[in-house]
Amino acid sequence: MKPRLFLSRKLPDLAMQRLNEAFDLRFNPEDRALSKKEIMEGVKDAEALICLLTDNIDKEVILSAENLRVISCYSVGFNNVDLEAANERGIAVCNTAGVLTESTADLTWALIMATCRRISESERFLREGRFKAWEPLLMLGQDVHGKTLGILGMGRIGQAVAKRAFGFDMRIIYHNGGWEVGSLPYEAEEVDLDTLLKESDILTLHTPLTPETRHLIGKAQIELMKPTSVLINTARGAIVDEAELIKALKDKRIFGAGFDVYEQEPYLPPELLALDNVVLLPHIGSASIETRTKMGMMAIENALAVLEGRIPLARVN
Ligand code: GLV
């Protein structure tokens, strides 16, 4: 008998094929997010759950799933899962760390370039029929090459972002909250958080969302940033105090921001949407065909490994 797995939303085709081969698969046939009640219904008799970062797998969900042995996140972030409740019930929680590193670093660079060189704003300008002639002062942005790149969170993704800065002749500084980083194949200087904020021309966030990192970038921190600097966030929205950031962007206290994630996504405050000095993406850091397929295969392998008593590729508890 195949083990029962509940999948909260359809994954890329190759992953669906593999799921059907390996499991007694129950899944949400509609391409929409499920309510908590629907997830509880789905996971009731399941031994494994593959969930999305938008599914709130809280204590109530975990306690309601009596046979559950593994929660396999289709994401690297796992702040949507109550780890304590999973630990209490002896349920393994796994993620897709590693396979989405390079795609997320690529997207981070897309945001760095787009924010510094005002790409989205320029395209809006052109599409609105406002491009009448080449002008000496049209859409002047910030250079990227030769600048100081500040990385908050020098884990896998932070390091992949740093690696890409090499071709732009950048100085790299980072802060990793006191966690050991190990040796790096390029020059990068570890600094305290205040120095990171003061010296970065481009500050990019790559730390997980935890109680310690929630609103780590607030009013006081934004005030330390250069007026010419940009803030990039492809990690989790709540690392930044969004209301304070909006005020800073409105007052032009920093040059701009590039965001893929939001405090209460998919909700975006209208004040943020109204600003021109911010590039806004709909949480697509890992959204390439190749990477989303790899994430599916890894989430499946993690679930199978736990059920078969093997060591999963990435377990977080
Ligand atoms: C994306 O945000 C992820 O955590 O995989």
**Fill in**
By residue number, the members of segment 153-211 that are free of Cβ contacts under 8 Å to residues at least 24 places away in the same chain and in a helix (DSSP H, G or I) are 165, 166, 167, 195
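How about segment 220-317: which strands (runs of 3 or more DSSP E) wholly inside it have at least 2 residues that are within 16 Å of the ligand (Cβ to nearest atom)?
Working: elements: 230-233, 256-259, 278-280.
Answer list for segment 220-317: 230-233, 256-259.
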**Asked** Can we say residue 262 is aromatic (Phe, Trp, Tyr) and within 20 Å of residue 207 (Cβ to Cβ)?
**Response** yes
**Asked** Within segment 43-94, how many residues turn out to be touching a residue at least 60 places away in the same chain (Cβ under 8 Å) and basic (Lys, Arg)?
**Response** 1
**Request:** Kindly check whether there is at least one residue in segment 24-44 that is crowded, with 17+ Cβ neighbours inside 10 Å, among the aromatic types (Phe, Trp, Tyr) and at pLDDT 95 or above.
**Result:** no
**Request:** Look through segment 306-317, keep the residues that are touching a residue at least 12 places away in the same chain (Cβ under 8 Å) and not basic (Lys, Arg), and return whichever of them is farthest from residue 79 (Cα to Cα).
**Result:** 307
**Message:** Every residue in segment 73-120 that is buried (at least 20 other Cβ atoms within 10 Å of the Cβ), among the aliphatic types (A, V, I, L, M), under 17 Å from residue 285 (Cβ atoms) and more than 13 Å from the ligand (Cβ to nearest atom), please.
**Reply:** 111, 112, 114
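The values are calculated or read from the model by the stated rules, or taken from the named source; none is laboratory data. Just so we're clear, the structure is a prediction, and the values are computed from it rather than from any experiment. Don't worry about glycine lacking a Cβ; one is built from the backbone with ideal geometry, like all the others, and counts go over all protein chains shown.
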